[in-house]
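Read-outs: derived from the displayed coordinates by stated rules, not from any lab. These figures come from a predicted structure and were not determined experimentally. No Cβ is skipped: glycine too gets one built from the backbone with ideal geometry, and neighbour counts run over all protein chains shown.
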Amino acid sequence: MKRAAKPHLIAVEGTDAGAVLAEARRVLGSPSRGGISHWDASGVFQDLAVADDAAGAPSPRTLLLLYAADLAFRLRWEIKPALAEGNTVVAAPYVETAVAFGRASGIPAGWLANLFRFAPRATEHRFVHRGVPGKNIEGFVRFGCARMRGKPGGRTPKQIQSGAAAELRKIARRSSKK
């Protein structure tokens with residue numbers, strides 16, 4: 001009798017989408033081992049990107065609610081089925097990138113913890129703190145910062161982007177102490 005492989009959910013977190021994707025590919029190694037679950041698998045952000053100006057600019061909370069809905073889609077249709085088959089799934093990004101964006105936007109930690117409590121814990125976390133030269137891929141943090149208007153929480157989009165990177169470094173330090 002063939003023994004089933006032990007499933008792994010590996011989260012790759014970071015604000016630079018090019019670096020996150022490169023690390024996800026590196027961590028996965030062979031595609032026969034599993035797959036990568038990318039943000040916006042549901043297409044909700046693609047729809048938001050092409051919405052006309054009458055739709056208005058989303059708030060950070062709206063963006064986070066949409067991210068949670070997209071993550072629920074990814075879990076149902078990509079991540080959980082692959083894990084059930086014993087595969088490795090690399091979520092690029094998973095929960096902590098969105099939490100860092102929320103914290104940098106002034107969203108309370110308790111609200112964020114409650115929002116993402118449906119997501120199962122990753123087996124392993126990888127944090128990417130560097131950019132990839134020449135890669136100009138728009139990830140969740142950059143997407144959100146580019147679409148907000150005004151100063152959510154009194155912060156500019158540029159401050160939110162750099163604040164999210166700082167928050168991820170804090171999360172990574174806490175994670176490494178566990």
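Note on segment 52-177: dipole from Cβ charges, positive end direction compared against 57, 82, 131; the farthest Cα belongs to 131. Nearest 10 degrees, 0 to 90: what angle lies between the long axis of helix 60-74 and the longest principal axis of the chain (Cα atoms)? On a 0 to 90 degree scale, this one is about 20. Taking the 0 to 90 degree range and rounding to the nearest ten, how far is the long axis of helix 17-28 tilted relative to the main principal axis of the chain, both from C-alpha atoms? The helix 17-28 is inclined about 10 degrees to the chain.
The convex hull built on the alpha-carbon positions of segment 134-178 has an orientation-averaged projected area of 4.2 nm². The C-alpha atoms of the chain define a longest principal axis, and helix 157-177 lies at about 40 degrees to it.
Sequence-ordered 3J(HN,Hα) estimates for segment 139-154 from the Karplus curve with 6.51, -1.76 and 1.60 and θ = phi - 60° stand at x, 4, 5, 5, 4, x, 5, 6, 9, 6, 10, x, 10, x, x, x Hz, glycine and proline given as x. Going through (1) 1.03; (2) 0.93; (3) 1.38, the figure that equals Cα Rg over 2.2 N^0.38 Å as computed for the structure here is (1).
The slack between residue 32 and residue 53, meaning 0.36 nm per residue of separation minus the straight C-alpha distance, is 3.3 nm. Mean projection of the Cα convex hull over all viewing directions, computed for segment 53-144: 7.6 nm². If you count Lys pairs in the chain whose Cα atoms are under 27 Å apart, skipping same-chain pairs closer than 8 places in sequence, the total is 10.
What does the helix-only formula give at 222 nm for the chain: each DSSP H stretch with n ≥ 4 adding -39500 (n - 2.57), the total divided by the residues, and the result rounded to the nearest 500 deg cm²/dmol? Theoretical 222 nm ellipticity from helices: -14000 deg cm²/dmol. GNM on the chain, alpha-carbon springs under 10 angstrom: the most fluctuating residue among 61, 33, 25 is 33. Placing +1 on the Cβ of every Lys and Arg and -1 on the Cβ of every Asp and Glu, with no other charges, gives segment 1-89 a dipole of roughly 800 debye about its Cα centre.
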